[in-house]
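Trainee: Have a look at this one before I ask anything.
The values are calculated or read from the model by the stated rules, or taken from the named source; none is laboratory data. Keep in mind that this is a model prediction, so the values were computed, not measured. For neighbour counting, all protein chains shown are included, and Cβ atoms are generated from backbone atoms with ideal geometry for every residue, glycine included. SASA here: full protein model, heavy atoms, side chains in, ligands and nucleic acids out. Shrake-Rupley method; radii C 1.70, N 1.55, O 1.52, S 1.80 Å.
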Amino acid sequence: MTANVTRLAPHLIGLLPLAWLIGDALGNRLTANPIQYLTQRTGWFALALLLASLACTPLNRWLGWKPVMRWRKPLGLYSFGYASLHLAIFAALDYGLDLSLISQAVIEKRYIIAGFLAFLLLVPLAITSTAGWQRRLKQWWRRLHRLVYLAAALAVAHYLWLSKDPRPALLAGSVLIVLLVARFPARQSWQRVVQWRYERTQRQTRTRR
Ligand code: HEM
């Protein structure tokens with residue numbers, strides 16, 4: 001029973017925003033500017049789920065809650081799903097798939113450049129999220145997937161540059177920094193420093209001889 005709940009939870013979390021959007025559409029709550037409303041909502045869901053996916057490793061490491069490690073991938077993929085929907089709404093509904101207008105916006109507006117780069121980084125991460133790709137890429141898989149922090153930072157910059165009120169974006173940025181720091185256990189960092197100092201002393205002794 002508990003195992004089923006923990007397996008279903010990331011899918012419930014990932015699908016809830018979609019149910020919210022459908023509820024808003026059916027209940028005529030898409031505001032006077034439905035395209036902007038949908039763009040903003042899908043963008044926000046994409047960022048929130050990306051941060052939720054990044055929170056899984058620290059939650060396991062600091063609170064010892066192992067099942068959450070299985071949530072990383074589905075939450076990351078739902079984030080990518082909302083980011084794709086966000087881009088599709090922007091490109092199809094807002095810009096009518098006019099490629100020259102879209103490329104002009106990408107070149108001219110720095111917040112669009114940041115969002116575009118964040119999306120481009122998420123594409124290879126989503127494609128290589130399967131166990132098959134993890135096996136094929138071996139240690140490169142981990143290195144590649146660290147790019148998710150860069151994608152999240154670009155998404156925060158995108159949010160910061162487009163908003164009149166910087167506070168929500170700054171809050172998202174602070175959460176990202178906390179998650180990045182919390183990812184590395186203090187003990188491991190100290191071990192690295194101690195190891196590095198030991199090796200440096202060894203090198204210095206050898207060169208003196
Ligand atoms: C090619 C990629 C992207 C484009 C063209 C794009 C475009 C936009 C546009 C036009 C807005 C609405 C601006 C307004 O208020 O009128 C927006 C908002 C937003 N986008 Fe993006 N975006 C992209 C990628 C992303 C990605 C990858 C994320 C997150 C992972 C993201 C997160 C957000 C957030 C959080 C907002 C603000 C939502 C709010 O105001 O509550 N965007 N984006």
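Trainee: I'm told ARG61 meets every condition in (1) within 11 Å of the ligand (Cβ to nearest atom); (2) more than 19 Å from LEU160 (Cβ to Cβ); (3) modelled with pLDDT under 95 except one. Can you identify the failing condition by its number?
Mentor: (1)
Trainee: Can you find, within region 77-101, the residue that is nearest to TYR37 (Cα to Cα) among those that are open to solvent by less than 40 Å² (accessible area, probe 1.4 Å) and near the ligand (Cβ under 8 Å from one of its atoms)?
Mentor: Ranking the candidates gives PHE90 first.
Trainee: Here's another thing I want to ask about it. Among the candidates ARG29, ARG41, which residue alone is charged (D, E, K, R) and either in contact (Cβ under 8 Å) with a residue 60 or more places away in the chain or more than 21 Å from ALA172 (Cα to Cα) (or both)?
Mentor: ARG29
Trainee: Within region 102-137, take every residue that is over 19 Å from SER53 (Cβ atoms) and among the small types (Gly, Ala, Ser) and give me the one that is surrounded by the most Cβ atoms within 10 Å (Cβ to Cβ).
Mentor: ALA114
Trainee: Out of all the residues in region 44-58, which are in contact (Cβ under 8 Å) with a residue 24 or more places away in the chain and of a type outside the set (A, V, I, L, M)?
Mentor: If the condition is that a residue be in contact (Cβ under 8 Å) with a residue 24 or more places away in the chain and of a type outside the set (A, V, I, L, M), then PHE45, SER53, THR57, PRO58 are the ones that fit.
Trainee: Restricting to region 18-58, and then to whatever is within 16 Å of the ligand (Cβ to nearest atom) and among the small types (Gly, Ala, Ser), can you tell me which residue is most open to solvent (accessible area, probe 1.4 Å)?
Mentor: Once the filter is applied, the top-ranked residue is ALA32.
Trainee: Can you run down the residue pairs with Cβ atoms below 6 Å, 6 or more apart or on separate chains, where the first is in region 59-79 and basic (Lys, Arg) and the partner is in a helix (DSSP H, G or I) and open to solvent by less than 60 Å² (accessible area, probe 1.4 Å)?
Mentor: Cβ pairs passing all conditions: LYS66/ASN60; ARG72/SER53; ARG72/CYS56.
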